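Rule-based calculations on the coordinates, nothing more; no lab input. The shown structure was predicted, so the numbers you read here are calculated from the model rather than taken from an experiment. No Cβ is skipped: glycine too gets one built from the backbone with ideal geometry, and neighbour counts run over all protein chains shown.
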Amino acid sequence: MTTGRAHIPGLYIHFPFCRSKCGYCDFYSVTETSLISSFLEALSMEAALYREEFTAFDTVYLGGGTPSLMAPDQVEALLEMVLDTFTILANAEITMELNPADLTREDLRVLRRAGINRVNIGVQSFHDRELQFLGRRHDRRQAMKALEWAGYAGFDNIGLDLIYNLPHQSLEDWRASLMQAIALRPAHLSCYELELKADTPLGRKLGQRGHGRGSEDLAREFFIKTSGVLEDAGYIHYEVSNFAAGMDKASQHNRKYWDHTPYLGLGPAAHSFEGASRWWNRSSLQSYLADLSRRERPVEGREDLGPQELAMEALFLGLRTRDGIDLDRYARLYGRDLMRENRRQLEEWSRLGLVEIASRRIRPTRSGMAVADALAVM
Ligand code: SF4
């Protein structure tokens, strides 16, 4: 492990099925739900192929796709398989992504009893016309019910996802959605800008810059509004797209992606990272199943990062978080004194209000986070 850190790995499981495809989505998933059982069998085979290499985890994240398409007893069996194969440490964060269209009150109770202790609900919007535009299967009422039922089921770590900068969405519409979310007091919010990628149906229909209004200035206004409204309501803006009611509610799993902690990804298209290596699985359910029927790891590609690449990544990822970069730790791990090498640039950014430099740490401000990717050019 080149970073020299003893962080405990996280386990990600990609459930590659959706009932239907949302127009903006480029995550890998298929709609042939008749293959769910075959997938779950292959998944336990894949897990077994890694049991010597990855022994213990302190986070498990069940994402996708739409994992809530699984019947609750399938989720129970999946978690049992994970517990039989690996050591899952006490107090591990075990998250499952939920689609509001799939849930009943009883399902949520079963999931809580099965050991899921954090849910992330794909609300996306509290306006029905926006949900229809996005091609979501649920409406506002179902989203509200899902949040309410998750609370009744005993979940106290409930996150929700929202999407902003939609066509015809005004800053005021977006503020109303945020206020609606705040009123429900979720522990966590992830707020993403709508990205219209060329290989998605919406991207093809509207063009990549999409909605004819996609200026960077407007995107920045949405970003600043989001951060302002949520921080005024007491949330911590701890990463570009993520807000938590307290740092104990920040996503422990996602934080591993940002500081080079190892993680194992199982399922089609899942990515893994260990030491200085990253590898990823085949983005085809058929190939994934075929590889595992031969007891072979379904790995499609791999890259080994050199010291320069690791250092660049750490900079890029660090400047997207409120914690920013600890200069001494960075120098120890990556052999670069960022302050000495980039003093003039950093002082300029500080003067422009993009970063704060104090106690041997560089932190992006709210305005800095709005342009975080551009900051990582040192
Ligand atoms: S956004 Fe979620 S539910 Fe919609 S197609 Fe993508 S993975 Fe499936």
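Both radii come from the Cα set of the stretch 307-375: Rg as radius of gyration, Rh as Kirkwood radius; their ratio Rg/Rh reads 0.93.
Value of Rg to Rh for the stretch 161-302, rounded to two decimals, is 1.06; Kirkwood radius and Rg both from alpha-carbon coordinates.
Dipole check for the chain: with +1 at the C-beta of Lys and Arg, -1 at the C-beta of Asp and Glu, and the Cα centre as origin, the magnitude is about 620 Debye. Placing unit charges on the Cβ atoms of the charged side chains and taking the dipole of the chain about its Cα centre, the candidate lying farthest along the positive direction among Leu305, Asn281, Cys191 is Cys191. Amide H contacts for Val123 (H built 1.01 Å from N in the peptide plane; partners 5 or more residues away or on another chain; cut-off under 5 Å): Asp161. Think of the chain as having a plus end and a minus end, set by charges on the Cβ of Lys, Arg, Asp and Glu; of Leu111, His168, Leu292, His168 sits farthest toward the positive end of this dipole. Remark: the stretch 307-375 carries a charge dipole of roughly 220 debye about the Cα centre, counting +1 on each Lys and Arg Cβ and -1 on each Asp and Glu Cβ. Summing +1 for each Lys or Arg and -1 for each Asp or Glu among the other residues whose beta-carbon sits under 10 angstrom from that of Ala314 gives -1. What percentage of all Cα-Cα pairs in the stretch 242-378 are separated by more than 19 Å? Across the stretch 242-378, Cα pairs with separations above 19 Å total 59 percent. Mean sequence separation of contacting Cα pairs (under 8 Å, at least six apart), scaled by the length of the chain, corresponds to a relative contact order of 17 percent. Entry for the chain at q = 0.08, 0.09 Å⁻¹: log10 I(q)/I(0) = -0.42, -0.54, Debye formula applied to identical alpha-carbon scatterers, no solvent contribution.
Just so you know, the averaged projected area of the alpha carbon convex hull for the stretch 1-60 sits at 6.1 nm².
Could you work out which residue, out of Leu184, Leu230, Leu98, moves most in a Gaussian network model of the chain, that is, has the largest mean-square fluctuation with Cα springs under 10 Å? Most flexible of the set in this elastic network: Leu184. Each of Arg255, Arg340, Arg297 was scored by other Cβ atoms within 10 Å of its Cβ. Listed from fewest to most, they are Arg340, Arg297, Arg255.
Straight-line reach from Lys249: taking Cα to Cα under 27 Å and skipping same-chain neighbours fewer than 8 places apart, the lysines in range are Lys145, Lys225. For Ser37 and Glu193, the FRET efficiency from 1/(1 + (r/R0)^6), where r spans their Cβ atoms and R0 equals 41 Å, is about 0.65. For Gly324, no residue has an amide H sitting under 5 Å from its own, ignoring neighbours fewer than 5 places away on the same chain, with H placed 1.01 Å from N. Ranked by how many other Cβ atoms sit within 10 Å of their own Cβ, fewest first, the residues Val75, Val30 fall in the order Val30, Val75. Here the sum of -39500 (n - 2.57) over DSSP H runs of 4 or more residues, divided by the residues of the chain, equals -11500 deg cm²/dmol at 222 nm, to the nearest 500. Note on Glu347 and Lys145: the model spin-label points, each 7 Å out from Cα along the C-beta direction, lie 6.2 nm apart. Among Glu216, Glu195, a tally of other beta-carbon atoms within 10 Å of each Cβ gives an order, fewest to most, of Glu216, Glu195. Label-to-label distance, Phe27 versus Val299, with points set 7 angstrom from Cα along the beta-carbon direction: 2.5 nm.
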